[in-house]
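What follows draws every value from the coordinates through simple rules; no lab data is involved. Since the model is a prediction, treat every value here as computed from it, not as a measurement. All Cβ positions, even for glycine, are placed from backbone atoms using ideal geometry, and neighbour counts span all protein chains on display.
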Amino acid sequence: MEIRLTSNEVIQLRKDDSIFSALKEAGIYLVASCGGKGTCGKCKVKVIEGNFEADSYGKLTGEEKKSGLVLACQTFPLADIRIAIPKESRLVIGDKIAISKTKDLVAYLKSYGVGLNPFVRTMSLKLPPPTITDNIGDLDRLKRALAEQGINSMGFRHGSIAAMGKTLREADWTVELAYIEDPDDGREAVSIYPSAQEGSNYGLAVDIGTTTVVVYLADLKTGEVIDIGSTYNSQIRFGDDVITRIVHATEGGGLQELKDAVVSDINTITDSLVEKHSIDPAMIQAASIAGNTTMAHIFWGLDPGSIREMPYIPELNSFPLWRASTAGLSINPEGRVYTFPCIASYVGGDIVAGVLASKMTRSEELALFMDIGTNGEIAIGNNEWIMTAACSAGPCFEGSGIKCGMRATPGAIESVIIDPVTLDPSIRVIGGGSPLGICGSGMIDAISEMLLTGIIDQKGKFLEGKSDRIRRGEDSPEYVIFSDRRLEKDIVLSEIDIENLLRAKAAVYSGISTLITEAGLAMDAIERVYVAGGFGNYLNIGKAVLIGMIPDIPEERYTFMGNTSITGAYLCLLSKELRNEAAEIASKMTYVELSVSKMFMDEYVSALFLPHTNMNLFPSVAARLMLP
Ligand code: FES
């Protein structure tokens, strides 16, 4: 049997294969927030002709079904079939994501008052050439030169010395020795190369996010970031969030598949960077990896199953150094890989890296660090103490579980303003043109504007008859944000979407309020808020306060930090002192398990209102809504 696409591409199909798995096998990936369980409704394809059996239509509306749409993961062709894949269903995971270098990282590193002390260091050695009387072997000659510099212990493995003899002779016995000081194994050589070779000690800083993978290529001698690469984490094809990935790794037996996916993402980016800058990959001798606990486990090939089972204890919270060849990275096989320590199942190395990058533990000022990405992690504290928690906000700000939701990519509505008189919205679409869906910042905008204009009440319910744009949807009332007859569907926000978003924003706010209350403080005591994460880049503070997602404190206390996970990974690649500081931060962090906290549950219920049941916590919003 075969599937024919509208592009006339033909895909072979085995008996009992779903359309989804046949497309996946052929390298065509669909958005699959639920990992193929039939619950997210994102893997829609249109059957143009051919017979099939559908196990379920999930959330598809009657209209959508009538137009031929099916869920690819639930649909099994019975004969040859012809389909069309709507643009919004396609997942282009090889796409580069535009990431800009926002700060001068060398200056930022220096601002910590630490020197350049990279992970793999180099020393110059000038050896006397052998003679009839000075006739010791090459390695002994090298060790003798080291001893003259006061270094009596240095381990050598086959990989670092296999080409030594040739290199020494070609370099006229003047070489650089790259080595590492491993806290467990002591000093060990990584490579030997001619001193005359230019710019020859590089490293990678890597952020393995649940959604994206970012790589910085840095010169370890100067600290300069030579270039940046990024892509979607191709594990996305197995599900949007860490839970679906854990399920795939454990129940689906897909751990190796997930590991291979992310290692291949890092290698693909690295390969393109080395090619662009004509760098020998063997000269990349170190990598510093930051990721959440699930991502770190998968990268390490460890079973992440215990992360989602009571009492939620991961296999590893601190990771030994790793050889690049064992990790599978396409750099110098003898190079070393550092992995950030994690705190708990849902507070990982990305948060330790973020706290390090925010410098909040270096100041007396009481600060809140929040990373709202696929989940939502927070830390509160200063140079004396620090508490942390995961809010389980879920990935709905990235479009998952929202009817027309999508990530902040071209085609997403990122901003919505509603005219208070006509109640018509004006929208801004990433990249311009017609919208394909709405992303997190657009959703927050839309809800806050609907609240301000009275389209919804403080419970998030539509006031029927208030606007012509409110209509009865398939499963709940909905507000039409964008409609164009030429398009297959309208972009709407339904009451069920709003409920999901209220739950997510309530999880974030109640996480913050639980930690602050546990610390015996009030919200107003927070002197600085560091907002991190991809989503943090687009967050409109005023509107996030309006819906009660973040504390109602003066806007000037908020600072956007961008991707702090990659900044932390860079800092630790270049500085031994900061690697020690990261370890100290991790050991100082007190983790609060919110899923068993009664206080969190009470706070959560109160925060399900817009902005909150206790309006005293949101005086600026009360004033805008003209509430007493
Ligand atoms: S409904 Fe098919 S992947 Fe979620």
Counting Lys and Arg as +1 and Asp and Glu as -1, each charge on the Cβ, what is the dipole of the chain about the Cα centre in debye, to the nearest 20?
620
For segment 106-158, just run the numbers: alpha carbon Rg, then divide by 2.2 N^0.38 Å, N being how many residues it has.
1.67
Could you tell me the calculated FRET efficiency between Ser67 and Lys37, based on Cβ-Cβ distance and R0 = 41 angstrom, to the nearest 0.05?
0.95
What Cys residues in the chain are without a partner cysteine, judged by a Cβ distance under 4.7 Å?
Cys43, Cys73, Cys342, Cys391, Cys396, Cys404, Cys439, Cys572
Got a sec? Charge dipole of the chain, +1 on Cβ for Lys and Arg, -1 for Asp and Glu; which of Val355, Gly328, Gly405 is way out at the positive end?
Gly405
Strictly over 20 Å apart at the Cα level, which of Lys259/Lys588; Lys37/Lys489; Lys359/Lys543; Lys126/Lys576; Lys59/Lys87; Lys359/Lys576 would you flag in this model?
Lys259/Lys588; Lys37/Lys489; Lys359/Lys543; Lys126/Lys576
Per DSSP H run of n ≥ 4, the term is -39500 (n - 2.57); total these for the chain, divide by its residue number, and report the mean residue ellipticity at 222 nm rounded to 500 deg cm²/dmol.
-8000 deg cm²/dmol
Quick one: Debye curve from the C-alpha atoms of the chain, no solvent, what's log10 I(q)/I(0) at q = 0.05, 0.07, 0.08, 0.09 Å⁻¹?
-0.26, -0.49, -0.63, -0.78
Classify segment 396-494: rounded, prolate or oblate, from the alpha-carbon gyration tensor (a ≥ b ≥ c, eigenvalue square roots; a/c under 1.5 rounded; otherwise prolate if a/b is larger than b/c)?
rounded
Give the order of Cys34, Cys439 when sorted by the count of other beta carbons within 10 angstrom, beginning with the fewest.
Cys34, Cys439
Contour minus Cα-Cα distance for Ile417 and Lys221 (0.36 nm per residue):
65.7 nm
Of all DSSP beta bridges in the chain, what percent run antiparallel (nearest 5)?
70
Largest to smallest principal axis extent of the C-alpha atoms in segment 2-89, angstrom:
28, 25, 25
How big is the dipole moment of segment 203-349 about its Cα centre under a simple scheme where the beta carbon of each Lys and Arg is +1, that of each Asp and Glu is -1, and everything else is neutral? Debye, nearest 20, please.
200
